[in-house]
1. Determine which member of the set Leu142, Leu112, Leu98 is assigned to a helix (DSSP H, G or I), in contact (Cβ under 8 Å) with a residue 40 or more places away in the chain and not acidic (Asp, Glu).
2. Scan region 193-218 residue by residue and report those that are free of Cβ contacts under 8 Å to residues at least 60 places away in the same chain and not in a loop (DSSP other than H, G, I, E, B).
3. Of all residues in region 19-51 being part of a helix (DSSP H, G or I) and touching a strand residue (DSSP E or B) at 6+ places or on another chain (Cβ under 7 Å), which is surrounded by the fewest Cβ atoms within 10 Å (Cβ to Cβ)?
4. Of all the residues that make up region 103-123, how many are among the hydrophobic types (A, V, I, L, M, F, W, C), crowded, with 20+ Cβ neighbours inside 10 Å and under 22 Å from Leu55 (Cβ atoms)?
5. Quick one: would you say Ile68 is within 19 Å of the chain's Cα centre (by Cα) and farther than 19 Å from Ile204 by Cα?
6. So how many residues does region 192-210 have that are of a type outside the set (A, V, I, L, M), crowded, with 16+ Cβ neighbours inside 10 Å and under 16 Å from the mean Cα position of the chain (by Cα)?
7. Among (1) of a type in the set (S, T, N, Q); (2) closer than 14 Å to His146 by Cα; (3) out of contact with any Ser or Thr (no Cβ under 8 Å at 6 or more places or on another chain), which single condition is Thr193 missing?
8. Can you run down the residue pairs with Cβ atoms below 7 Å, 6 or more apart or on separate chains, where the first is in region 147-170 and within 11 Å of Thr8 (Cβ to Cβ) and the partner is small (Gly, Ala, Ser)?
Amino acid sequence: MKKRIFITATNTDIGKTYTTKLLLKEFASRGIRVGVIKPIETGVDKVAHDGEELLRTLKDVNPECQKISVKDIVPIKYRLPAAPFVSSNGEKLDFKKLERAVEKMEEFCDVLIIEGAGGLFVPVDEENMMIDLISYFKADALLVTHCSLGCINDTLLSKKALQDRKIPHIVAFNCRKNDDSFSIVSEPYFLKTNQKVLKVSKDIDTICDVLYNLSSYKKNKVEQ
């Protein structure tokens, strides 16, 4: 089984696609064959905007993926910009469709990045939340969190959910231009409690290093 990394976040519009593109570029710069899928994208009228962004980046960094289409990257699309459960009118998630997308992409890569939608407890159907897809795909997780006021609470809640599921993960902070207060109002808590503060824009190389060596990949290699 290939190395799989699931990109999740504390909520929607936190920076998952931005982070995913940086990871694609960083892994590729190390000579690693990388691929990407976004299993579900909602809010798609005619164009899957996140999928198109990911496709452009993928073709730039992996020459083996020139014939890959946005349908390969985003196998399931819904028009309504809402949780997949709502967007699909409660339709049961087609896991076989997702598996086929993963299998096709893994023909061309050694590291597969899987970008989730919304946060961990976004319902994808009546039985499954987004967090369930991480375990289903046997992936490690990168939790992308924000740097504005409230990030301590949001980050700790999502971390606890991952810990409770025993999902190997790391946290990265996506600090934006208007997040100048982070170093004063939130970062001191993480530093004083001995939690590593990795920032997406500055520490993508370290983030890649840690993700590549998380335990799920080692475990899967042993099982093979």
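The values are calculated or read from the model by the stated rules, or taken from the named source; none is laboratory data. Predicted model only: the values in this text are computed from it and were never measured. Cβ: placed from backbone, ideal geometry, glycine included. Neighbour counts: every protein chain shown.
1. Leu98
2. Of everything in region 193-218, those that are free of Cβ contacts under 8 Å to residues at least 60 places away in the same chain and not in a loop (DSSP other than H, G, I, E, B) turn out to be Lys199, Thr206, Asp209, Val210, Lys218.
3. Selected residue: Ala28.
4. Here the count works out to 7.
5. The answer is no for Ile68.
6. 2
7. Only one criterion is unmet by Thr193, namely (2).
8. Ser158/Gly119; Leu162/Ala141; Ile167/Ser135; Ile167/Ala141; His169/Ala141
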